[in-house]
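**Student:** Submitted below is the structure of interest, expressed as structure tokens.
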Amino acid sequence: MPQFNDTTLTRLTYAGLGCLCILAVIYEVHATRFRVWDQYGQRTWTPFTVSLSERAPGKPVAEAAFVDNEVRNAGLYNGDIVTEINGRSLTGKAILGEEINRTQPGGVLALVIHAQENGGEHAKTIVLRRPSEIRADPVNILIVVVLPWLALALGFWVAFARPHDFRAWLVLGLMWTYMCFYYSGSEFWPRWLRDFGASFRAGATSSLPIWLLLFGIYFPEDFPSRSRWGQISRWKWILLVPLGVRALSRMGIAVSDLESWNSLGWLRHLPEGLAVPGAVLQYFAVAGGFLALGAKYLSAVSLDSKRRLRLLFVGAVLTLSPYLLIELAQVIGGFNFEQTHQDISWLVYVVFFLFPFVLAYVILVHKAMDIRVVLRQSLQYALARNGVRLIQLILTVIIVFMAVILVVGRSSNRLREIAVIAAGLLLIQAIGRGSDKVRLWVDKRFFREAYNAERVLSEVSDQVRTIIEPDSLLKLVANCISTSLHVPHIAVLLDSEGQFRPAYLHGLGKLPQLCFAGHSRTVTELRSKEPIRVYLEDQKSWIYQDPKVGDNERAEMARLQTELLLPLAGREKLLGFMSLGGKRSGEPFTGSDLRLLKSVATQTGLALENTQLLAAITQEVAQRERINRELEIAREVQERLFPQAVPEIRGVDCYGACRPAEGVGGDYYDFLKLRTGALGIAIGDVSGKGISASLLMASLVFALRSEAIRVCEELTSLVSNVNVLVYQASPINRYATLFLGIYDPQTRRLSYVNAGHNPPMLFRKPASRPEVVRLNASGTAVGLFENSCYQQEVVTLEPGDVLVAFTDGITEAMNASEQEWGEERLIQTVSTSMEMPAAEILAQVMQAADTFTAGARQYDDMTLITLKIDF
């Protein structure tokens, strides 16, 4: 069924409804004015009406219709052709209205007519005298006045209550035809308004088949899309399009007939020029509407749907069929039944107007649409705010009006006048005294349950958003649903590793083995996020007819006593579902119940997802805190591996620092004071980052220190042993570059081995620009191969020389533009700071690198050693 569900159009929808309501009220006010004061009072006299007929092609004539008895005595009969009135050619109905309006009580109306006499048609002039008084029929006034207003009120009440529901607009369209059903006398209206009245009524009356067809297809519920009738309903446009064109053309023709029926003669033939005659199209549409209602009734599964559809179908047949049969007889027989049998026609019209009452009963009592709470709240407000006084005032006006008409009509039955007035006064008094009882009865009979359910479940929807504990959430939702709708058995099943198991049971005891598989048909259907009705006692329902529904699913739903399944969906997946048993009252779940329950289920699903997300976040936070704590411990341990103090060696100033890119890193530097009095210098870079790199770095430290204590002169043997130890203690893809040097302060000789590390730089200080000597690698990285050979080199240091050893995190430091700092900038920085102590040289290098990177994130550890020879 089409749905108007775009919330951005809400204001425009209400504005459009407001405009339509204003137009409808304007029409009905003037129609009521004509029916009450003009037709039955002293202002206007309607001795006959005219209708257009073509007795020859292209030559329309005005035939007299609904000629009253006094006019027949003057010589005018139904079917006579009227050509002039008071000397004016009768070219439109408005001329008749204008001339009659000008005729005062007691005045005359001169007509030129062509009547059938003596076997032929003869022209003659007759004179009609307007009577000085007209006796009114109060019962007829109430019928033609009150019933259209009731239809108008029903149509716009439903539309304003459900402006985004297509069914509400169908009800409004159907009530449009009812409010315009009785003759409105638009030719007697003011000149500026009569064209609107004529077209408004013509559009309403000619569109009745359209509304009946759509009403049958879509109200109170659409055909299932997979059913045969659901496919057939798609062909409705074959009827709707030509009927719509016909209705529009009738609106134009109505204005033409009013002003000048020769102005739009071509338009008059448009409806009859369609593929099939207009009357046949209309009755096909009407028959289609009845067939659709009947087919939906026969195919309905739920008891509440059958009850509503049965009431609608039987009510429509009983109230609409008499009128439609009369219309069909007039089309086929070519005679005007309304003129020849006015009493029977009046009774048929009264029966025809019973359908809005049937419709209101189905909507209100049998919950065909979700507007009971809206009505209840408006009635509650009206009755609480002097609504009873308003009703009393309306009844007083009606009773006084009837009394005045009876008196003016000079009825001979004075006893009836007194009885009617007395009964009215007693009714007004009774309403005043019994208003509280009436209000309480209406509230209890129609609205109390719906209002309580609406209020309670709406409050639940608001509360679940703030609950973060799953058990409390499920308990609150289940208990509130059970309390508000009187559902004794409720189960909540949640997804647990692809199996949906009970998480909370209400009124079901213990069902520990109950389980729905994630791939089951029930769970698959619930992933559509729509509620599913379950009819365990109906062998024709989907749980028995669908071959994909297993016996286990049916058995589990029987254990749960399921009548309704509500999906608890998150934003992307189905988290679980609720199984609701039947109500204690035995009534089925209504459309209003489903709407409220779906809202609660949606909010519950989102709240469940939030609780799961919060639990995951809490676990993740705890995990991160644990990891951070472990990283902090690892960082502290690693810091203990670095030199805690610089060894004091005569004539040597040295300093080192390491800045990990993460909490812990894989870079390593060390100063070792050997037993010979020499100074050991080590710097390394372990492949990788983080914990794994720091563990390998720790292995390298322990291996190097243990070997340095045992072997302190043969660096090649020392590094080879370290290589074997690291190779055996690390994975095949792990290794470390290493520079190891031993400085003898007595000889100022530096012996070193470079195992794949960045060549340290030796800055010598001549008179001019410092000379840079690179201590290049003489072997592969340690831990890469089990058997690696290394070569020892020796260099003599002079006073003022500066040795700078670094890892690639220094020279490859990048700025935001991904430019590397580079060795040239390192050389320049050291060259300009050679006069400073070793610690300040290191600080200058780090500061220069930081200035270049300008806060950009670094992805590698930065380690640096500076050694300066004082003497």
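The values are calculated or read from the model by the stated rules, or taken from the named source; none is laboratory data. As the structure is a prediction and not an experimental result, all values here were calculated from the model. Positions of Cβ are generated from backbone atoms using ideal geometry, with glycine treated the same way; all protein chains shown enter the neighbour counts. Heads up: the accessible areas ignore ligands, DNA and RNA and are worked out on the full protein's heavy atoms, side chains in. Shrake-Rupley method; radii C 1.70, N 1.55, O 1.52, S 1.80 Å.
**Student:** Any residue at all in the range 565-576 that's of a type outside the set (K, R), open to solvent by 20 Å² or more (accessible area, probe 1.4 Å) and more than 24 Å from the chain's Cα centre (by Cα)?
**Tutor:** No: zero hits.
**Student:** Report every pair of residues separated by at least 6 positions or lying on different chains whose Cβ atoms are under 8 Å apart, first residue within the range 180-193 and more than 20 Å from S206 (Cα to Cα), second among the hydrophobic types (A, V, I, L, M, F, W, C) and open to solvent by 10 Å² or more (accessible area, probe 1.4 Å).
**Tutor:** From residues that are more than 20 Å from S206 (Cα to Cα), the pairs are L193/I26.
**Student:** Considering only residues that are modelled with pLDDT under 60 and within 54 Å of the chain's Cα centre (by Cα), look in the range 36-61 and name the one that is surrounded by the most Cβ atoms within 10 Å (Cβ to Cβ).
**Tutor:** Filtering first and then ranking leaves Y40.
**Student:** Answer yes or no: is there a residue in the range 815-822 that is modelled with pLDDT of 90 or more, crowded, with 17+ Cβ neighbours inside 10 Å and farther than 25 Å from R748 by Cα.
**Tutor:** Taking every residue of the range 815-822 in turn, at least one turns out to be modelled with pLDDT of 90 or more, crowded, with 17+ Cβ neighbours inside 10 Å and farther than 25 Å from R748 by Cα.
**Student:** Which is open to solvent by 50 Å² or more (accessible area, probe 1.4 Å) and not in a loop (DSSP other than H, G, I, E, B), of V794, V804, V753?
**Tutor:** None of the others qualify; the one that does is V794.
**Student:** Also: Inside the range 502-541, can you point out the residues that are open to solvent by 70 Å² or more (accessible area, probe 1.4 Å), closer than 28 Å to K306 by Cα and either more than 30 Å from the chain's Cα centre (by Cα) or at pLDDT 85 or above (or both)?
**Tutor:** Of everything in the range 502-541, those that are open to solvent by 70 Å² or more (accessible area, probe 1.4 Å), closer than 28 Å to K306 by Cα and either more than 30 Å from the chain's Cα centre (by Cα) or at pLDDT 85 or above (or both) turn out to be E537, Q539, K540.
**Student:** While we're on this one: Just to verify a result, which residue in the range 841-854, among those that are surrounded by 15 or more Cβ atoms within 10 Å (Cβ to Cβ) and over 24 Å from V686 (Cα atoms), is nearest to the chain's Cα centre (by Cα)? First the steps, then the outcome.
**Tutor:** Of all residues in the range 841-854, those surrounded by 15 or more Cβ atoms within 10 Å (Cβ to Cβ) come to 841-846, 848-850, 852-853.
Checking the rest, the ones that are also over 24 Å from V686 (Cα atoms) come to 841, 844, 848, 852.
On the way: I841: 67, Q844: 63, A848: 58, F852: 53 Å.
Within the range 841-854, the match that is nearest to the chain's Cα centre (by Cα) is F852.
**Student:** Something else: Using the structure shown, decide if P799 is open to solvent by 30 Å² or more (accessible area, probe 1.4 Å), assigned to a loop (DSSP other than H, G, I, E, B) and closer than 24 Å to P660 by Cα.
**Tutor:** On the way: open to solvent by 30 Å² or more (accessible area, probe 1.4 Å): yes; assigned to a loop (DSSP other than H, G, I, E, B): yes; closer than 24 Å to P660 by Cα: no.
It is false that P799 is open to solvent by 30 Å² or more (accessible area, probe 1.4 Å), assigned to a loop (DSSP other than H, G, I, E, B) and closer than 24 Å to P660 by Cα.
**Student:** Could you go through the range 612-630 and let me know if any residue there is over 30 Å from A558 (Cβ atoms) and more than 47 Å from the chain's Cα centre (by Cα).
**Tutor:** Scanning the range 612-630 turns up at least one residue that is over 30 Å from A558 (Cβ atoms) and more than 47 Å from the chain's Cα centre (by Cα).
**Student:** Could you say which residue among G809, G783 is in contact with an Asp or Glu (Cβ under 9 Å, 6 or more places away or on another chain), under 27 Å from Y743 (Cβ atoms) and not charged (D, E, K, R)?
**Tutor:** Exactly one of G809, G783 is in contact with an Asp or Glu (Cβ under 9 Å, 6 or more places away or on another chain), under 27 Å from Y743 (Cβ atoms) and not charged (D, E, K, R), namely G809.
**Student:** Examine the range 542-563 for a residue that is within 28 Å of the chain's Cα centre (by Cα), open to solvent by 60 Å² or more (accessible area, probe 1.4 Å), under 21 Å from V477 (Cβ atoms) and touching a residue at least 24 places away in the same chain (Cβ under 8 Å), and state whether such a residue exists.
**Tutor:** yes
**Student:** Looking only at the range 722-745, how many residues end up being open to solvent by 30 Å² or more (accessible area, probe 1.4 Å), in contact (Cβ under 8 Å) with a residue 40 or more places away in the chain and part of a loop (DSSP other than H, G, I, E, B)?
**Tutor:** Residues meeting the conditions: 4.
**Student:** Scan the range 646-703 for residues that are of a type in the set (K, R) and either open to solvent by less than 40 Å² (accessible area, probe 1.4 Å) or free of Cβ contacts under 8 Å to residues at least 40 places away in the same chain (or both) and report the count. Before you say what the answer is, go through the steps one by one.
**Tutor:** Of all residues in the range 646-703, those of a type in the set (K, R) come to 650, 659, 673, 675, 689.
Still in the running and either open to solvent by less than 40 Å² (accessible area, probe 1.4 Å) or free of Cβ contacts under 8 Å to residues at least 40 places away in the same chain (or both): 673, 675.
Residues meeting the conditions: 2.
**Student:** Condition first: open to solvent by 10 Å² or more (accessible area, probe 1.4 Å), modelled with pLDDT of 90 or more and of a type outside the set (G, A, S). Can you find one or more residues in the range 855-867 that meet it?
**Tutor:** Among the residues of the range 855-867, not one is open to solvent by 10 Å² or more (accessible area, probe 1.4 Å), modelled with pLDDT of 90 or more and of a type outside the set (G, A, S), which makes the answer no.
**Student:** From the list T602, T590, which residue is hydroxyl-bearing (S, T, Y) and either open to solvent by 20 Å² or more (accessible area, probe 1.4 Å) or out of contact with any helix residue (DSSP H, G or I) (no Cβ under 9 Å at 6 or more places or on another chain) (or both)?
**Tutor:** T602
**Student:** E497 passes all but one of (1) under 20 Å from P470 (Cβ atoms); (2) touching a residue at least 40 places away in the same chain (Cβ under 8 Å); (3) of a type in the set (D, E); which number fails?
**Tutor:** For E497, the exception is condition (2).
**Student:** For the range 62-97, which residues satisfy the criterion of being assigned to a helix (DSSP H, G or I), without any contact (Cβ under 8 Å) to a residue 60 or more places away in the chain and either open to solvent by 40 Å² or more (accessible area, probe 1.4 Å) or of a type in the set (G, A, S) (or both)?
**Tutor:** Correct list: N69, R72, N73, A74.
**Student:** Only residues that are at pLDDT 90 or above and among the hydrophobic types (A, V, I, L, M, F, W, C): list them for the range 782-812, please.
**Tutor:** V794, V795, L797, V802, L803, V804, A805, F806, I810
**Student:** Okay, moving on. Exactly one of (1) within 25 Å of V652 (Cβ to Cβ); (2) open to solvent by less than 30 Å² (accessible area, probe 1.4 Å) is unmet by V773. Its number?
**Tutor:** All conditions pass for V773, except number (2).
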